[in-house]
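Novice: This is the structure I want to talk about, given as C-alpha coordinates.
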Amino acid sequence: MKRTAMITMLSLFLGASAYAETIVTTDSGSSVAYDRVGRVDWGILGGGAFNDTIDEAGYVQTSVSYGVTPWIAIGVEGGWQQADGAASHEETGIVQVMGDIIVRVPEHPFHEALVPYGVLGLGVIGVYTEAEPTATTQNGDDADDTVFGWKLGAGFDWFLNQNWAINFEVAYFDSSELDLAPTSMGNNAEIDFWTVGGGLKWVW
(Lines give C-alpha, C1' and ligand atoms only; values in the text may rest on other atoms or scores of the structure.)
Protein backbone atom coordinates (compact mmCIF):
# COMPACT_ATOMS: atom_id res chain seq x y z
CA MET A 1 0.00 0.00 0.00
CA LYS A 2 2.83 2.40 0.82
CA ARG A 3 4.43 1.97 -2.60
CA THR A 4 1.11 2.47 -4.42
CA ALA A 5 0.29 5.55 -2.36
CA MET A 6 3.73 7.04 -2.95
CA ILE A 7 3.56 6.47 -6.73
CA THR A 8 0.04 7.91 -6.93
CA MET A 9 0.81 11.07 -4.97
CA LEU A 10 4.16 11.59 -6.73
CA SER A 11 2.40 11.35 -10.10
CA LEU A 12 -0.10 14.02 -9.00
CA PHE A 13 2.71 16.26 -7.77
CA LEU A 14 4.80 15.92 -10.94
CA GLY A 15 1.75 16.29 -13.14
CA ALA A 16 0.80 19.55 -11.46
CA SER A 17 4.36 20.79 -11.79
CA ALA A 18 4.54 19.97 -15.50
CA TYR A 19 1.16 21.56 -16.18
CA ALA A 20 2.10 24.72 -14.30
CA GLU A 21 5.33 25.08 -16.25
CA THR A 22 3.52 24.64 -19.58
CA ILE A 23 1.05 27.38 -18.71
CA VAL A 24 3.71 29.86 -17.64
CA THR A 25 6.02 29.31 -20.63
CA THR A 26 3.22 29.48 -23.22
CA ASP A 27 1.18 32.29 -21.69
CA SER A 28 3.56 34.20 -19.45
CA GLY A 29 2.17 37.57 -20.40
CA SER A 30 -1.40 36.96 -19.24
CA SER A 31 -2.72 38.20 -15.92
CA VAL A 32 -3.53 36.03 -12.89
CA ALA A 33 -6.84 36.85 -11.22
CA TYR A 34 -5.54 36.14 -7.71
CA ASP A 35 -1.88 37.09 -7.72
CA ARG A 36 0.02 35.61 -4.73
CA VAL A 37 3.60 36.50 -5.68
CA GLY A 38 5.26 38.12 -2.68
CA ARG A 39 2.19 37.45 -0.53
CA VAL A 40 1.84 35.21 2.52
CA ASP A 41 -0.88 32.59 3.03
CA TRP A 42 -1.93 31.48 6.48
CA GLY A 43 -4.23 28.48 6.61
CA ILE A 44 -6.04 26.29 9.10
CA LEU A 45 -7.49 22.92 8.12
CA GLY A 46 -9.53 20.30 9.93
CA GLY A 47 -10.58 16.81 8.94
CA GLY A 48 -9.71 13.17 9.49
CA ALA A 49 -6.61 10.97 9.57
CA PHE A 50 -6.65 7.34 8.45
CA ASN A 51 -3.91 5.06 9.77
CA ASP A 52 -2.83 1.44 9.38
CA THR A 53 -1.64 1.03 12.96
CA ILE A 54 -4.01 3.13 15.07
CA ASP A 55 -7.69 4.07 14.89
CA GLU A 56 -8.97 6.83 12.64
CA ALA A 57 -8.62 10.21 14.28
CA GLY A 58 -9.62 13.83 14.01
CA TYR A 59 -6.91 15.93 12.41
CA VAL A 60 -5.95 19.62 12.58
CA GLN A 61 -3.27 21.44 10.62
CA THR A 62 -1.97 24.97 10.28
CA SER A 63 0.34 26.28 7.58
CA VAL A 64 2.14 29.40 6.37
CA SER A 65 3.48 29.83 2.84
CA TYR A 66 5.09 32.52 0.71
CA GLY A 67 4.51 32.94 -3.03
CA VAL A 68 7.87 32.99 -4.85
CA THR A 69 6.40 32.91 -8.39
CA PRO A 70 2.84 32.49 -9.69
CA TRP A 71 3.30 28.71 -9.59
CA ILE A 72 5.84 28.08 -6.80
CA ALA A 73 5.52 28.74 -3.07
CA ILE A 74 7.53 27.65 -0.04
CA GLY A 75 6.12 27.14 3.42
CA VAL A 76 5.98 25.35 6.73
CA GLU A 77 3.15 23.36 8.29
CA GLY A 78 2.29 21.55 11.50
CA GLY A 79 -0.38 18.94 12.14
CA TRP A 80 -1.72 16.88 15.06
CA GLN A 81 -3.95 13.87 15.67
CA GLN A 82 -4.67 11.54 18.60
CA ALA A 83 -6.50 8.21 18.67
CA ASP A 84 -6.67 4.80 20.33
CA GLY A 85 -3.42 2.96 19.73
CA ALA A 86 -2.50 -0.54 18.66
CA ALA A 87 -3.64 -1.95 22.02
CA SER A 88 -6.96 -1.22 23.69
CA HIS A 89 -5.35 0.45 26.72
CA GLU A 90 -3.08 2.75 24.70
CA GLU A 91 -3.63 6.20 23.24
CA THR A 92 -1.35 7.45 20.49
CA GLY A 93 -0.71 10.99 19.28
CA ILE A 94 1.06 12.00 16.09
CA VAL A 95 2.57 15.43 15.40
CA GLN A 96 4.36 16.47 12.22
CA VAL A 97 6.31 19.58 11.23
CA MET A 98 7.18 19.91 7.55
CA GLY A 99 8.89 22.33 5.23
CA ASP A 100 6.82 22.46 2.04
CA ILE A 101 7.40 23.09 -1.64
CA ILE A 102 4.05 23.95 -3.23
CA VAL A 103 3.36 23.86 -6.97
CA ARG A 104 0.28 25.92 -7.87
CA VAL A 105 -1.69 26.03 -11.12
CA PRO A 106 -2.94 29.63 -11.25
CA GLU A 107 -4.04 29.49 -14.91
CA HIS A 108 -6.20 26.73 -16.40
CA PRO A 109 -9.42 26.28 -18.43
CA PHE A 110 -11.64 26.22 -15.34
CA HIS A 111 -13.04 28.94 -13.06
CA GLU A 112 -10.50 31.67 -12.21
CA ALA A 113 -11.27 31.39 -8.47
CA LEU A 114 -9.98 27.79 -8.47
CA VAL A 115 -6.24 27.28 -7.84
CA PRO A 116 -5.19 23.58 -7.74
CA TYR A 117 -1.84 22.66 -6.22
CA GLY A 118 0.50 19.83 -5.31
CA VAL A 119 2.75 19.81 -2.23
CA LEU A 120 5.92 17.97 -1.24
CA GLY A 121 6.84 18.16 2.44
CA LEU A 122 9.99 17.07 4.26
CA GLY A 123 10.49 17.25 8.01
CA VAL A 124 9.86 15.29 11.19
CA ILE A 125 7.05 13.14 12.54
CA GLY A 126 6.79 12.68 16.29
CA VAL A 127 4.74 9.92 17.93
CA TYR A 128 3.84 9.53 21.61
CA THR A 129 1.98 6.61 23.13
CA GLU A 130 0.36 6.73 26.56
CA ALA A 131 -0.71 3.45 28.16
CA GLU A 132 -3.22 3.15 31.00
CA PRO A 133 -2.35 0.81 33.90
CA THR A 134 -3.52 -2.78 33.31
CA ALA A 135 -3.00 -6.15 34.95
CA THR A 136 0.25 -6.61 33.00
CA THR A 137 1.47 -3.01 33.19
CA GLN A 138 0.52 -1.75 36.63
CA ASN A 139 2.06 1.68 36.14
CA GLY A 140 1.36 2.03 32.44
CA ASP A 141 4.05 2.28 29.78
CA ASP A 142 4.65 5.51 27.87
CA ALA A 143 6.97 6.05 24.93
CA ASP A 144 7.76 8.73 22.36
CA ASP A 145 10.09 9.15 19.41
CA THR A 146 10.70 11.65 16.60
CA VAL A 147 12.01 10.64 13.18
CA PHE A 148 12.32 11.84 9.59
CA GLY A 149 9.05 12.03 7.66
CA TRP A 150 7.73 13.13 4.30
CA LYS A 151 4.44 14.14 2.71
CA LEU A 152 2.87 14.15 -0.75
CA GLY A 153 -0.39 16.01 -1.14
CA ALA A 154 -2.77 17.63 -3.58
CA GLY A 155 -5.62 20.07 -3.16
CA PHE A 156 -7.15 23.32 -4.25
CA ASP A 157 -7.87 26.84 -3.03
CA TRP A 158 -11.20 28.46 -4.01
CA PHE A 159 -10.95 32.22 -3.66
CA LEU A 160 -13.89 34.11 -2.18
CA ASN A 161 -12.08 37.43 -2.71
CA GLN A 162 -8.49 38.70 -2.87
CA ASN A 163 -7.83 37.86 0.79
CA TRP A 164 -9.84 34.74 1.64
CA ALA A 165 -9.99 31.26 0.13
CA ILE A 166 -11.63 27.94 0.97
CA ASN A 167 -9.09 25.12 1.01
CA PHE A 168 -9.37 21.34 0.48
CA GLU A 169 -6.45 18.90 0.67
CA VAL A 170 -5.68 15.18 0.58
CA ALA A 171 -2.21 14.04 1.68
CA TYR A 172 -0.15 10.94 2.43
CA PHE A 173 2.49 10.91 5.18
CA ASP A 174 5.19 8.34 5.91
CA SER A 175 8.00 8.05 8.47
CA SER A 176 11.16 6.09 9.07
CA GLU A 177 11.15 3.49 11.87
CA LEU A 178 10.33 4.61 15.40
CA ASP A 179 11.39 3.21 18.74
CA LEU A 180 8.20 2.97 20.81
CA ALA A 181 9.18 0.16 23.19
CA PRO A 182 7.90 -0.86 25.75
CA THR A 183 4.46 -0.18 24.22
CA SER A 184 2.75 -2.69 21.95
CA MET A 185 4.01 -0.82 18.85
CA GLY A 186 7.57 -1.98 19.62
CA ASN A 187 10.95 -0.64 18.56
CA ASN A 188 10.51 -0.98 14.78
CA ALA A 189 7.21 0.86 14.46
CA GLU A 190 6.31 2.61 11.23
CA ILE A 191 3.70 5.33 10.95
CA ASP A 192 1.99 6.07 7.66
CA PHE A 193 -1.36 7.77 7.26
CA TRP A 194 -3.69 9.68 4.96
CA THR A 195 -5.31 12.99 5.83
CA VAL A 196 -8.41 14.53 4.25
CA GLY A 197 -9.59 17.97 5.28
CA GLY A 198 -10.89 21.40 4.50
CA GLY A 199 -10.46 24.86 5.92
CA LEU A 200 -9.73 28.51 5.23
CA LYS A 201 -6.72 30.49 4.02
CA TRP A 202 -6.04 34.16 4.62
CA VAL A 203 -3.78 35.84 2.05
CA TRP A 204 -2.06 39.14 2.78
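Novice: Residue by residue through region 48-59, note down the ones that are within 16 Å of residue 78 (Cα to Cα) and touching a residue at least 60 places away in the same chain (Cβ under 8 Å).
Specialist: Listed by number, the residues that qualify are 48, 49, 59.
Novice: Kindly indicate the residue of region 153-178 that is of a type in the set (A, V, I, L, M) and buried (at least 20 other Cβ atoms within 10 Å of the Cβ) and also nearest to residue 35 (Cα to Cα) among those meeting that condition.
Specialist: Kept after step one, since they are of a type in the set (A, V, I, L, M), are these residues of region 153-178: 154, 160, 165-166, 170-171, 178.
Those still in the list that are buried (at least 20 other Cβ atoms within 10 Å of the Cβ) too: 154, 165, 171, 178.
Values: 154: 20, 165: 13, 171: 25, 178: 42 Å.
Step by step, filter region 153-178, then rank; the result is 165.
Novice: Name the one entry in 189, 135 that is at pLDDT below 95, farther than 30 Å from residue 36 by Cα and surrounded by fewer than 18 Cβ atoms within 10 Å (Cβ to Cβ).
Specialist: Working: 189 fails: surrounded by fewer than 18 Cβ atoms within 10 Å (Cβ to Cβ).
Testing whether each residue is at pLDDT below 95, farther than 30 Å from residue 36 by Cα and surrounded by fewer than 18 Cβ atoms within 10 Å (Cβ to Cβ) leaves just 135.
Novice: Can you name the residue in region 63-82 that is among the small types (Gly, Ala, Ser) and crowded, with 18+ Cβ neighbours inside 10 Å and, of all such residues, is nearest to the chain's Cα centre (by Cα)? Steps first, please.
Specialist: The initial filter retains those residues of region 63-82 that are among the small types (Gly, Ala, Ser), namely 63, 65, 67, 73, 75, 78-79.
Within this subset, residues satisfying the condition of being crowded, with 18+ Cβ neighbours inside 10 Å are 63, 65, 67, 73, 75, 79.
Details: 63: 9, 65: 13, 67: 18, 73: 15, 75: 12, 79: 7 Å.
For region 63-82, the residue satisfying everything is 79.
Novice: Kindly indicate whether any position in region 180-187 is in contact with a strand residue (DSSP E or B) (Cβ under 7 Å, 6 or more places away or on another chain) and under 21 Å from residue 122 (Cβ atoms).
Specialist: So far as region 180-187 goes, no, none of its residues is in contact with a strand residue (DSSP E or B) (Cβ under 7 Å, 6 or more places away or on another chain) and under 21 Å from residue 122 (Cβ atoms).
Novice: Here's a follow-up. In contact with a Leu (Cβ under 7 Å, 6 or more places away or on another chain), at pLDDT 95 or above and either of a type in the set (A, V, I, L, M) or within 28 Å of residue 164 (Cα to Cα) (or both): is that true of residue 98 in this structure? Give the steps one after another, and end with the answer.
Specialist: Values: in contact with a Leu (Cβ under 7 Å, 6 or more places away or on another chain): yes; at pLDDT 95 or above: yes; either of a type in the set (A, V, I, L, M) or within 28 Å of residue 164 (Cα to Cα) (or both): yes.
Yes.
Novice: Tell me which residues, restricted to region 115-129, are surrounded by 17 or more Cβ atoms within 10 Å (Cβ to Cβ) and among the hydrophobic types (A, V, I, L, M, F, W, C).
Specialist: Answer for region 115-129, where residues must be surrounded by 17 or more Cβ atoms within 10 Å (Cβ to Cβ) and among the hydrophobic types (A, V, I, L, M, F, W, C): 115, 119, 120, 125, 127.
Novice: In addition: Is there any pair with a first residue in region 161-189 that is part of a loop (DSSP other than H, G, I, E, B) and a second that is polar (S, T, N, Q) whose Cβ atoms are under 7 Å apart and which are 6 or more apart or on different chains, and what are they?
Specialist: Correct list of pairs: 177/188; 181/187; 183/129; 185/53; 185/129.
The values are calculated or read from the model by the stated rules, or taken from the named source; none is laboratory data. These numbers come from a predicted model, not from an experiment. Every residue, glycine among them, receives a Cβ derived from its backbone with ideal geometry; neighbour counts consider all protein chains shown.
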